[in-house]
Structure formats: structure tokens, C-alpha cells
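What follows is a short report on a single structure.
The values are calculated or read from the model by the stated rules, or taken from the named source; none is laboratory data. Remember, predicted model here, so these are calculated numbers, not experimental data. Neighbour counts run over all protein chains shown; Cβ positions are idealised from the backbone, glycine included.
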Number of protein chains: 2
Amino acid sequence: MISNKAKYALRALLAVAAQPGGEALTSTEIARRHKIPHKFLEQILLDLKKSGILESRRGKSGGYVMLRPADTISFGEVLRIFDGPLAPLPCLSRNAYRRCEDCESEARCEIRREFARSYEASRQVLDSRTIADALRESQNPPIAAPERRAG
Amino acid sequence: MISNKAKYALRALLAVAAQPGGEALTSTEIARRHKIPHKFLEQILLDLKKSGILESRRGKSGGYVMLRPADTISFGEVLRIFDGPLAPLPCLSRNAYRRCEDCESEARCEIRREFARSYEASRQVLDSRTIADALRESQNPPIAAPERRAG
DNA sequence: CTAATCCCTATAAAACAGATAGAGATAATG
DNA sequence: CATTATCTCTATCTGTTTTATAGGGATTAG
């Protein structure tokens, strides 16, 4: 399960990116719309700013706008910021690689091998789909998509 | 990241399933071989027993054996026992479905839609690959497999 | 009877999740 | 210049989860 923090961050990003004419959106407004605790959201927006994804303007009529275009921000990138590595095992992470202390041989580890497959599959999706993709499909819902309710 | 508990459980299962002639394997031996804290492992093996995956014999020369055949036990099943639902969002889980309290419409939720894709991809792997698959490949490593070190 | 094993429950330290709080910095507006 | 709305920063708090550790009880082989 992803954390609330990551979910809130994605909600906020979708809201800011959907803002017509690139107008600024305030934390108060985002919190109200999406029922996110305001002070908690502020921390999250700050993190998004520190990560170079959002830009902010202070003072009256301030708010947040996208710093990078929405089609360069993948779901995977946001998840990594808030929930850490996507990899199911430390020894499978590129960015945050750590050896399993008790592992004899990574090449021969059955667990590593199996999780590598599953990881590759989900990573491929998360790192390719962007905030812009999500918004586009939202406005233009795919017709008769075979909605497969996954378990 | 998966929990240590789940990782230990998978290690233990692979060890018991690999036991020649279906001989019993003791918790002490598994703990020694894989450097797992013994008392912690005992709890895990007990959970595996309660889940109907392992069988145990008590007393001297006791130990654990498979109750169900290794080719019926998927990685996904084991993960669910120890780490809970595989789904990245409660509203995507079949077994442990929960509505997101603040969600207006699941059908129109962009976040749900995107995570459904990623989830489907990884679930497909985790629920299809079994303990037996992992052991088989381990003994018979695929020749010149394009080892793609995922990040 | 003894020793080795599994079985069960309680406890605890550390990390993490999910906030809450309050004060400071900045900018627009009148 | 005072006011007000905003972002910024840091500290704190509470409950849950993780990762064990501990101690004994039950069972069985020999």
C-alpha cells in the first residue's frame, strides 16, 4: 500500500497541473477540495517544491504552480520521493541499492530473481505514466475500456 | 519493500520444499542456514502452519514439511499472509477492499486508474510464480538469460 | 526420564505514519 | 505602513507496525 502522503501528493499535483492557464493554486484550496489536513498538505507541498517539481509564490495571491511540465513527472518519481524506493528488495533498487546482509549470492537468490520480475513489471508502468497522461485520460475517458477490477 | 518477515517466510518455504524426499526440517536448522533469528522464525513457521501451507511434527526428530505441494504456493499468497494486501490502494484490493474515505468517484479517480495498471502487472507475476517454479529455475538456471538489473 | 523439538503468549525497543502546532518570512493591498 | 493571506520551517505528539526477545508449556523419540 502506498502512504497517505504519496496519495495526497499525487492529488495535489493533479490539481495544480489541471489548473487552467497555469494559475497558482493555494494549499488551502487544495486541502479544501480534496479533504486533506491543511498543515499536513503544506509539508507535502514543501517537499514537492524541494524536489523541483512545484514552484511557489508567497504572500497574498500566492500559491503553487508547476515548475516542470506535467508530462515529465511520472507516478514513480512521486512515489520515490514520499515512500522511498519502489523496489520490493533493497538489492533490487538502482538508486537505493543495499545488499541483503545475509545473502550468500545475489545471482543465485531465488527470492531476488522472482521479485525482479514483478518489480520490472510494475516499474515499467509507474515510471512511464505521467501526471499529464492521467489528466488526459481523465478528460477523455477511453471508450469501453475493459475495466478489469484487479484483486 | 517487503518485510523481513515475508522474506524469512519465503526463505524457509524454499528450504522446506527443497528438502530431499520430503524429510522434515527443523526451525533450528533453517535459522542456522539462513541466519534468521530463531524465535522470530518460530512465529513465522507457526503462521505458515496456521495458513495450511506447512505441517509440523513435534518432539525429538520433529520439524516441518510441506502440507500443500510447492507448485500450488505462489509468492503472492505468502506475501499476503505476512504483509497484507498486495494492492497499492485499498480500493484496488479484492480480498481487503476498502473505499477511500475521501474519494468522490472510483470510476473517475485518476490515481486509482493508474495504480490499477501497475498493480495488475505485478500481481500477474506474483500470483502465477510458485515456490516450485523458483526452485526449478534455481537448479536449472536459464542459459544466458538477459539479466536486466532493474532499478 | 531426558532432551529436542514445536507451540503459545507476553513484552519491548525502534521506526514509521499521520498528523498537529506555532511562529517566522514574504508579498499584495488599501 | 498596517493588515492579511499566503508560504516556510521546525518541533512535537500519538498510535501502529516492525522486528524482534523471552519464557515457559506441550509433545515425542529414545
Worksheet item: Any idea how many residues of the stretch A:17-42 are farther than 25 Å from B:LEU92 by Cα, within 14 Å of DNA strand D (Cβ to nearest atom) and either among the hydroxyl-bearing types (Ser, Thr, Tyr) or in contact with a strand residue (DSSP E or B) (Cβ under 9 Å, 6 or more places away or on another chain) (or both)?
Response: 8
Item to complete: Return yes when B:ARG112 is outside any helix (DSSP H, G or I), in contact with a Cys (Cβ under 7 Å, 6 or more places away or on another chain) and not acidic (Asp, Glu) and no when it is not.
Response: no
Worksheet item: Do we have A:ARG98 as exposed (fewer than 14 other Cβ atoms within 10 Å of the Cβ), more than 14 Å from the chain's Cα centre (by Cα), over 21 Å from B:VAL125 (Cβ atoms) and more than 11 Å from chain B (Cβ to nearest Cβ) here?
Response: no
Fill in: Members of the stretch A:96-131 found to be free of Cβ contacts under 8 Å to residues at least 12 places away in the same chain and touching a strand residue (DSSP E or B) at 6+ places or on another chain (Cβ under 7 Å), listed by number
none
Worksheet, complete the sentence: Note on the stretch A:110-131: residues more than 9 Å from every other protein chain (Cβ to nearest Cβ) and under 27 Å from B:PRO37 (Cβ atoms) are A:ARG112
Worksheet entry | Within the stretch B:55-98, tally of residues that are within 16 Å of DNA strand D (Cβ to nearest atom) and assigned to a strand (DSSP E or B) | 6
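Hey, any hits in the stretch A:80-95 for a residue that's under 30 Å from B:ALA31 (Cβ atoms), away from DNA strand C (no atom under 16 Å from the Cβ) and within 11 Å of chain B (Cβ to nearest Cβ)?
Yes, the stretch A:80-95 has at least one match.
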Discussion item. Just to be sure before I move on: is B:LEU86 under 18 Å from B:SER128 (Cβ atoms), out of contact with any Asp or Glu (no Cβ under 6 Å at 6 or more places or on another chain) and touching a residue at least 60 places away in the same chain (Cβ under 8 Å) in the structure I sent?
Written reply: no
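May I ask you to list the residues in the stretch A:1-52 that are outside any helix (DSSP H, G or I), touching a residue at least 12 places away in the same chain (Cβ under 8 Å) and within 14 Å of chain B (Cβ to nearest Cβ)? Give the derivation first.
Narrowing the stretch A:1-52 to residues outside any helix (DSSP H, G or I): A:1-3, A:18-19, A:23-26, A:35-37, A:51-52.
Checking the rest, the ones that are also touching a residue at least 12 places away in the same chain (Cβ under 8 Å) come to A:2-3, A:18-19, A:23-26, A:36, A:51-52.
A:ILE2, A:SER3, A:ALA18, A:ILE36 - these are the residues of the stretch A:1-52 that are outside any helix (DSSP H, G or I), touching a residue at least 12 places away in the same chain (Cβ under 8 Å) and within 14 Å of chain B (Cβ to nearest Cβ).
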Worksheet item: With respect to B:ASP83, is the statement that it is under 22 Å from B:ASN4 (Cα atoms), surrounded by fewer than 18 Cβ atoms within 10 Å (Cβ to Cβ), touching a strand residue (DSSP E or B) at 6+ places or on another chain (Cβ under 8 Å) and modelled with pLDDT of 95 or more true?
Response: no
Worksheet item: Right, A:GLY63: more than 10 Å from chain B (Cβ to nearest Cβ), crowded, with 19+ Cβ neighbours inside 10 Å and within 13 Å of DNA strand C (Cβ to nearest atom) or not?
Response: yes
Worksheet item: So how many residues does the stretch A:21-45 have that are more than 10 Å from DNA strand C (Cβ to nearest atom) and within 16 Å of the chain's Cα centre (by Cα)?
Response: 1
